[in-house]
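What follows is calculated from the coordinates using simple rules that are stated; it is not laboratory data. Every value quoted in this text rests on a predicted model; they were computed, and no experiment measured them.
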Ligand code: UTP
């Protein structure tokens, strides 16, 4: 049973500069919902209620977002905007959210390590806001279901195109069941020649607590950052790691084109927007 989720959100978001100079990348909206809310909701609908968000300098907006907002609530009430009032109030009661600061963005591995005390000696989920995943069964739930079978670290993987291989952690794996791989190696951002396959890790993991010691032993890697991928590589020998090619559609919201695609697809699904947006897109092509 996975009870806790860690959502690292302390990165600098350089790919979205200048917007992210003074606002967290995780608060960029997909229409009217910030990316991080999709991630928090995925954890909650997967049955996880204890959420740890790793934040850093300039990330106050995330804490304010999930907090109560008395002035706004009074304003909405006075103006009889009851539907919006309900939405705003729901946000502050979504889950039990804790915040831990990463003083410097030293890498995703380091960010996850900051949650060690809160997580303790139990398996936990990690969800990155860079990936928004639309799926019938939430992606992290698919991983926790598989965890129940193997009791080992499970990482979500997806086929990535040749041009994108050097942006991902790439696994070498043996297919041992439907969509399930026993991971034999994993390399962070390999060149096309180095890549052992085209299966890339995406931002969903169920990790066993041995990962914390592995991170502590992991030296800075690509980009001089402490890479979670490098720590997972250590875990392969120590405890075993499985990859799972999840069911669902993933949007790489940390990438500009992926972000735009997510906005278009979500708009085309909304009753209040779809006709207008579809007409507009049809007019363009
Ligand atoms: P990314 O490398 O995609 O995020 O890390 P980034 O560094 O913010 O973005 P770019 O590449 O500069 O545009 C994936 C996730 O890990 C978090 C980020 O906030 C993001 O959600 N992260 C990364 C941390 O929490 N701490 C870090 O030191 C690095």
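Which whole-number percent is the relative contact order of segment 1-126 (Cα, under 8 Å, 6+ apart)? 38 percent.
Each principal axis of the Cα atoms in segment 146-227 has its own extent, and those three values, largest first, are 34, 32, 19 angstrom. For the Cα atoms of the chain, what angle does the longest principal axis make with the long axis of helix 228-238, in degrees from 0 to 90, nearest 10? Relative to the chain, helix 228-238 is tipped by roughly 40 degrees. At q = 0.10, 0.18, 0.19 Å⁻¹ the log10 of I(q)/I(0) for segment 63-150 amounts to -0.44, -1.03, -1.07, computed by Debye summation with a single uniform scatterer per C-alpha, solvent ignored.
Per 5 Å bin, what is the whole-percent P(r) computed from every C-alpha pair distance within segment 207-266? In order of increasing distance, the bins hold 4, 16, 17, 12, 15, 16, 13, 6, 1 percent.
Taking 10 °C and 1.306 mPa s as conditions, segment 146-285 diffuses translationally at an estimated 94 µm²/s according to Stokes-Einstein applied to its Kirkwood radius (Cα pairs).
Restricted to Cα atoms, the chain shows a radius of gyration and a Dmax of 19.3, 63 angstrom. Relative to its residue count, segment 1-137 spans a Cα convex hull of 125 Å³ per residue. Building the convex hull from the alpha-carbon atoms of segment 7-82 and averaging its projection over directions returns 6.4 nm². Note on the chain: antiparallel DSSP beta bridges, both residues inside, total approximately 60 percent of the bridges counted. The slack between residue 166 and residue 17, meaning 0.36 nm per residue of separation minus the straight C-alpha distance, is 51.5 nm. Using only the Cα atoms of segment 1-49, each taken as one equal point scatterer with no solvent, compute I(q) by the Debye sum, divide by I(0), and report log10 of the ratio at q = 0.31 Å⁻¹. These q points yield log10 I(q)/I(0) values of -1.13. Rounded to the nearest 10 degrees, the inclination of helix 139-150 to the longest alpha-carbon principal axis of the chain is 30 degrees.
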